[in-house]
1. Assign unit charges at the C-beta atoms only (+1 for Lys and Arg, -1 for Asp and Glu), then state the dipole size of chain B relative to its Cα centre in Debye, rounded to the nearest 20.
2. Test of the criteria: in the range B:67-139, which trypsin sites (Lys or Arg not before Pro) are in a DSSP loop and have at most 10 other Cβ atoms within 10 angstrom of their Cβ?
3. Please state the shape class of chain A: rounded when a/c is under 1.5, otherwise prolate if a/b exceeds b/c and oblate if not, all from the C-alpha gyration tensor.
4. Taking A:LYS522 as the anchor, which aspartates and glutamates have their alpha carbon closer than 13 Å to its alpha carbon, excluding any fewer than eight residues away along the same chain?
5. Which one, A:THR320, A:GLY384, A:ILE537, is farthest towards the positive end of the dipole of chain A when Lys and Arg carry +1 and Asp and Glu -1 on their Cβ?
6. Quick one: putting +1 on the C-beta of Lys and Arg, -1 on the C-beta of Asp and Glu, what dipole do you get for the protein assembly as shown around its Cα centre, in Debye to the nearest 20?
7. Mark the label point 7 Å from the Cα of A:GLU418 along Cα→Cβ and return the residues of the range A:312-341 whose backbone N is within less than 20 Å of it.
8. Can you give the local net charge around A:ILE321? Use residues other than it whose beta-carbon is closer than 9 angstrom to its beta-carbon, Lys and Arg +1, Asp and Glu -1.
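The values are calculated or read from the model by the stated rules, or taken from the named source; none is laboratory data. All figures in this text were calculated on a predicted structure; none of them were measured in a lab. So basically every Cβ, Gly included, is an ideal-geometry build from the backbone, and we count neighbours across all protein chains shown. Remember, those area values only see protein heavy atoms, side chains included, never the ligands or the DNA or RNA. Shrake-Rupley method; radii C 1.70, N 1.55, O 1.52, S 1.80 Å.
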Amino acid sequence: MPNKIYNKHVLISIDSSTLLAGARQVEKKLVETLKKEKLSESIKVIETGSLGLSDQGVVLVVYPEGVHYVHVTEKDVEEIVRKHLKEGEIVDRLLLEREPEVSTVSYTEDEFELEKQARIVLKNCGIINPEDIDEYIALEGYSALGRVLADMKPQDVIGEMKKSELRGRGGAGFPLWFKWNAVKNEPETPKYIVCNADEGEPGTFKDRLILEGDPHRIIEAMIIAGYVTGSHHGYIYIRGEYELSINRMERAISQAYKYNLLGENIFESDFSFDLQVKKGAGSYVCGEETALLESLEGKRATPRHKPPFPTEKGLWWKPTIINNVETLANVPDIILNGGNWFRGYGTEQSAGTKVYTILGHLTYPGLIEVEMGTTLRDIIYKYGGGISTGRQFKAALIGGAAGAFLDETALDIRLSYEDLGEYDAVLGSGAILVMDESACMIDILGSTMRFFQHESCGQCSPCRVGYQQLTLYVDKIAQGKGEMKDLDDMLELASFMNGSAICALGQSAYLSVSSILRYFRKEFEEHITDKKCKAGICSMSENTEKIAMRG
Amino acid sequence: MYERILRKYEPTADNLLFILHEIQDNEPKQYIPEQGIREVSDYLDLSPSQVYSVITFYSLYSVSPRGKYIVRVCDSPPCHLMGSVSIIDELSEILGIKEGETTENGMFSLEVVSCLGVCGVAPAMMINKELFGNLTPEKVRNIIDKYRQDKQPASQVAE
Ligand SMILES: Cc1cc2nc3c(=O)[nH]c(=O)nc-3n(C[C@H](O)[C@H](O)[C@H](O)COP(=O)(O)O)c2cc1C
Ligand code: FES
């Protein structure tokens, strides 16, 4: 951290969405204007990651006041500098309308505590400059690693992870300690640590914002995983579309090498670890762990049969840990505060917090981190600001495209592994797509089936042919040519796919079809018997055929 | 022809994806030519058909020439819900091409793709490496107009 004392800090959020709103231009103008006004010495401009606001254009936060300005353009910069930074008068017209429920920071004392409580994964996002390792270090960064290397045996780390009951956030919810312990106990070497940052689940962008906002946290966790399991090589597999994540991660890795946090004899211990970014090339199934291994080896990303599991036979058939970005992001704080501290958050069977991406017909789509067990109602109305269109809530798709559809009877469900299980739903990737009455469930199911049809790797026929057939059924219903018996046939086919597909991509058909038919069967029946789409989306004629052709 | 790129990498199969990215990024028509496939397979000691099968598996690669600007529109459920169909229709109309095609002058290719990971600003699209969100047909027209002038347009998102 710089030693210089500044009177004020202006944070500018640089992530993919603010970049597309012109954040760079605003930043340049801000720095120039501060210079012109001779304020550069007393006011520091800090680049930070996402502030969790998705649709607010360029966002600036001024500290110590904690004032959020949104939709800032180059033209507004002069006014902010002259009025606020020079004369202390807040520029009302650019203020964020609501209290930033999802924002990461507040420096007023009590508020800071409050915000901090629910923030583990995102605690640095939007506070630090992700391109500067010193800022991460200043906020206890790499001190978990220091403690592990100095005072803890691998078994101790596993013990804390077990106490924490941290489960994987990539979809399957598998206990982290179990995987780490299994790889630790494998006699075979070399072993590998892989971070799954392929994030392709529709509606999910949490991993991107973690990578863009706090890349060192992931590096630190992976080095710890390496130490615990006796592995010396790690790979972070980032999807090819995530330019900014890839650049930031590469920069972070090279800084960590400079500080000897990567490489030989880390912290002067006898432990060495190397880390490399691998760039994906566009494939959803590649996020499936064994497909990802195939891709890392330079092949087509077709999932392998399991068992053997990657912990036993992974990358190049050697023992391998694969963890999701968000899962790993929890690790440093569990080390620093202990497993029991982490276990103190959440519900009986779901410890800690969860990061959700909330979207669709919501007033404030974006990213939130809340305690496990928060209700769907709170997420939609408290954090998401309610339905944006003024219409009624109709449905939520929880867990990404591979998730379950729910209706308003499920609004009070607590989002946790166990409560969702009761509804046959899953937490999945943590994407929550909210739909109002204007949505047609047949149309959305069609879009979901087309997505899977397109992304099927094609190696097993239940999935390859199954999704084609399901898409045909849905299109037939959308065109007003459906028969009642189609609904049962769809269920039977999906159930067969669930039982016979090689990986969860094919298996998840059942969750989509069964949940949508459980809650919205009436709407399907209306399309079939009355040949009517209340939402007016299926025109029961050529229009849907046009959509259907777009497979 | 591709030696300069190849020599940057160890000749091991796990570098295949990296190499393919780099060949394609350096090709003005954003694809991997047959000559590239041959040289890569020689270098990594793979058969050309193996390399070809990898290229065709991943959606970011192409074996046929594409436009200078690749317009990738997301049609996954969240973008679909927020109106991606009208965005695709608009693009099809103003560019005069269908999904998977390239304009005659070689300027634009249109692709319908899966989630781009910017669903908070759905419906969304990417033109080469630039992202655009909260799209409306009108906005799409403006964006394409700017690209037609062949200058990098100021990127934008809805107010
Ligand atoms: C089709 C498919 C796609 C997946 N995509 C991802 C992904 O993008 N990111 C991810 O972390 N896990 C994904 N998974 C889950 C992984 O297979 C794996 O369970 C996860 O990476 C394990 O990490 P965790 O234990 O930390 O959750 C996917 C699974 C399937 C079946
Ligand atoms: S669903 Fe379109 S960007 Fe994610």
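1. On the way: 15 positive and 23 negative charges, 68 e Å.
Using only the charged Cβ atoms, the result is roughly 320 debye.
2. Loop-located and lightly packed - B:LYS129.
3. Numbers: a/c = 1.97, a/b = 1.22, b/c = 1.60.
Oblate shape, in that a/c is at least 1.5 and b/c is the bigger or equal ratio.
4. Result set, ordered by chain and number: A:ASP407, A:ASP530.
5. It is A:THR320, whose Cα lies furthest towards the positive end.
6. Numbers: 77 positive and 105 negative charges, 153 e Å.
Computed about the Cα centre, the dipole is about 740 debye.
7. Only A:339-341 fall inside the zone, counting backbone N under 20 Å.
8. Net charge in that neighbourhood comes out at +2.
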